[in-house]
Amino acid sequence: MIHLNIGSNLNSNFGNKFDNISIAIKLLIENKFNVKRISNFYETPSYPNKNLPNFLNVGIFGTFRKEARELRNIISLIEKKIGRVKTKKNNPRVCDIDIIDFNGENIDMNNLTIPHKRCHQRNFVLFPISQIDPCWEHPILKKNVNVLIGQLDLKSRIEITRLNKNVNIKT
């Protein structure tokens, strides 16, 4: 299975943060990413500057018949289409899509590292995965997602809110 994490903390020409994430998933589906499950929305403070708008994130998992590099290219096009402009690290953005795990592969090449380098330290990645795939194990660390959540510091475990809101994919 392939795990992706999609985040947004700015409105775009397409609408609000919820809309940006929903549109990103719709565009992934149109590009032959076969979605199996989608988490609820999760909200976290912006990092490291908590004065910036809060982030919304969802986790999705599914299948894709091509290589990880092809998926990365599609993701870049989707981010640009929604309006992402690459700026300084941790700046607000309309759409950020990360490949967390690609069928358990260990990939390290130009601009593509899988599993994502810091996924095991990020509450906004781990909590959605725990919701949709509680048996997931980090491909390198060989630790279950719930063990990884337990290793987060208390602040990371309490600074995340699962919203009672689901992705709306308009077809």
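Odds and ends about this structure:
- Test: K89 is over 15 Å from the mean Cα position of the chain (by Cα), at pLDDT 95 or above, of a type outside the set (G, A, S) and surrounded by fewer than 15 Cβ atoms within 10 Å (Cβ to Cβ): no
- Cβ pairs under 9 Å, 6+ apart, first in region 7-27 and over 12 Å from N54 (Cβ atoms) and touching a residue at least 60 places away in the same chain (Cβ under 8 Å), second charged (D, E, K, R) and buried (at least 22 other Cβ atoms within 10 Å of the Cβ): N11/K17
- Just one of the numbered conditions (1) surrounded by fewer than 14 Cβ atoms within 10 Å (Cβ to Cβ); (2) in contact with a helix residue (DSSP H, G or I) (Cβ under 7 Å, 6 or more places away or on another chain) is not true of C135: (2).
- F127 being in a helix (DSSP H, G or I) and crowded, with 20+ Cβ neighbours inside 10 Å: yes
- The sole residue among L71, L77, L27 that is at pLDDT 95 or above, loosely packed, with under 15 Cβ neighbours inside 10 Å, among the aliphatic types (A, V, I, L, M) and in a helix (DSSP H, G or I) is L77.
- Flag if I21 is in contact with a Cys (Cβ under 8 Å, 6 or more places away or on another chain) and either part of a helix (DSSP H, G or I) or within 24 Å of R122 (Cα to Cα) (or both): yes
- Condition broken by T44, with the remaining ones in (1) surrounded by fewer than 17 Cβ atoms within 10 Å (Cβ to Cβ); (2) at pLDDT 95 or above; (3) of a type in the set (S, T, Y) satisfied: (1)
- Exactly one residue out of H116, H120 is in a loop (DSSP other than H, G, I, E, B), surrounded by 14 or more Cβ atoms within 10 Å (Cβ to Cβ) and touching a helix residue (DSSP H, G or I) at 6+ places or on another chain (Cβ under 8 Å), and it is H116.
- Where I99 falls short, out of the listed (1) surrounded by 20 or more Cβ atoms within 10 Å (Cβ to Cβ); (2) modelled with pLDDT under 95: (2)
- If you go through region 69-111 and keep only what is of a type in the set (A, V, I, L, M) and closer than 12 Å to F33 by Cβ, you end up with L71, I74, I75, I78, I97, I99.
The values are calculated or read from the model by the stated rules, or taken from the named source; none is laboratory data. Being a predicted model, the structure only gives us computed values, none of them experimental. No Cβ is skipped: glycine too gets one built from the backbone with ideal geometry, and neighbour counts run over all protein chains shown.
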